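Enquirer: Could you have a look at this structure, given as structure tokens, before my questions?
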Amino acid sequence: MSSVVRVLCRFAMSRRLLTSALMAGASAGKTPIRSSDERAGEAPMSCPRMRPLTGGALFAIALAVMVARQTEAEPPAAGFDTGMEALAPANAVTPTAAQLIEPADLARLLSDTSSRRPEVLHVGFPILFRSGHITGSRHIGPASTPAGLQALKQALRGVPRRGSIVVLYCGCCPWADCPNVRPALQLAQELGRDDVKLLYLPKNLQRDWIDEGMPISSGDQ
């Protein structure tokens with residue numbers, strides 16, 4: 001049985017056990033509802049207290065909590081894909097090692113005045129660009145939207161094909177969860193741009209670029 005199936009089974013089991021336990025506890029203290037005719041003439045009764053949970057109900061609750069904690073703590077099994085491939089549609093591209101650039105390598109290229117400066121394009125969300133972006137980069141728009149892809153297409157058409165290095169980045173969230181970088185790379189491939197690379201930010205822009213002391217700016221420019 002695969003890791004995913006095991007996790008789902010344990011989660012479902014814990015929910016069933018917890019539900020059964022709660023129903024058992026509620027039934028233990030439940031008082032039958034009688035009609036107004038049946039209650040007529042009887043002395044007022046105080047509100048009954050709920051009876052303590054039975055040993056079986058307490059055991060079921062404890063078992064459900066134990067299973068739930070084990071499910072949350074268990075790491076993915078070896079070979080279970082937690083990367084971008086698991087989140088991508090069937091026709092989305094998966095970047096190769098040659099299509100990625102490390103933050104330190106990009107910072108070195110940006111500081112090298114003897115060669116042509118890379119064209120760095122931000123394909124993330126505007127509010128994140130304004131709060132902090134790579135110095136000298138241009139905001140294009142989120143590549144997870146049609147408008148962002150159209151803006152990226154126009155930007156790439158304005159960059160010469162020969163002698164250029166184009167770096168796309170987002171950094172809104174961990175690499176595996178980013179909704180923008182792979183659509184951006186796929187568009188670049190459709191346009192025949194083999195000079196385009198993705199900036200590899202495993203965690204996010206804050207952790208992998210700003211906290212490392214690399215050049216950063218804020219605002220719209």
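Computed from the coordinates by the stated procedures, all read-outs in this text should not be read as laboratory data. Computed from a predicted structure; not experimentally measured. FYI the Cβ positions are ideal-geometry reconstructions off the backbone, even for glycines, and counts take in every protein chain you see.
Enquirer: What is the packing order of peptides 196-204, 110-118, taking the mean over residues of other C-beta atoms within 10 Å and listing the highest first?
Expert: For the peptides 196-204, 110-118, the packing ranking is 196-204, 110-118.
Enquirer: If amide H atoms are built 1.01 Å from N in the plane of the peptide, which residues on other chains or at least 5 residues away come under 5 Å of the amide H of LEU168?
Expert: Amide H to amide H, under 5 Å and 5 or more residues apart or across chains, LEU168 pairs with LEU121, LYS197, LEU198, LEU199.
Enquirer: Taking 0.36 nm per intervening residue step and subtracting the Cα-Cα distance, what contour gain separates LEU109 from GLU190 on full extension?
Expert: 26.6 nm
Enquirer: Assuming R0 = 25 Å, can you tell me the calculated FRET efficiency for the pair ARG116 and ILE216, based on Cβ-Cβ distance, to the nearest 0.05?
Expert: E between ARG116 and ILE216, to the nearest 0.05, is 0.70.
Enquirer: Provide the FRET efficiency to the nearest 0.05 for the THR135-CYS173 pair, computing r from the beta carbons and using R0 = 22 Å.
Expert: The formula returns an efficiency of 0.55 here.
Enquirer: Among PRO146, GLN186, VAL159, which residue has its Cα positioned farthest towards the positive end of the charge dipole of the range 85-217, with +1 placed on the Cβ of Lys and Arg, -1 on the Cβ of Asp and Glu, and the dipole taken about the Cα centre?
Expert: Of the listed residues, the answer is VAL159.
Enquirer: A further question on this structure: Let me make sure I get this right: for the range 85-217, a, b and c are the square roots of the gyration tensor eigenvalues over alpha carbons, sorted descending. Under 1.5 in a/c it's rounded, otherwise prolate if a/b > b/c, else oblate. Which is it?
Expert: Rounded is the answer for the range 85-217, as its axis ratio a/c remains below 1.5.
Enquirer: Label ALA97 and LYS203 with points 7 Å out from Cα along Cα→Cβ: what is the distance between them in nm?
Expert: Modelled inter-label distance: 2.4 nm.
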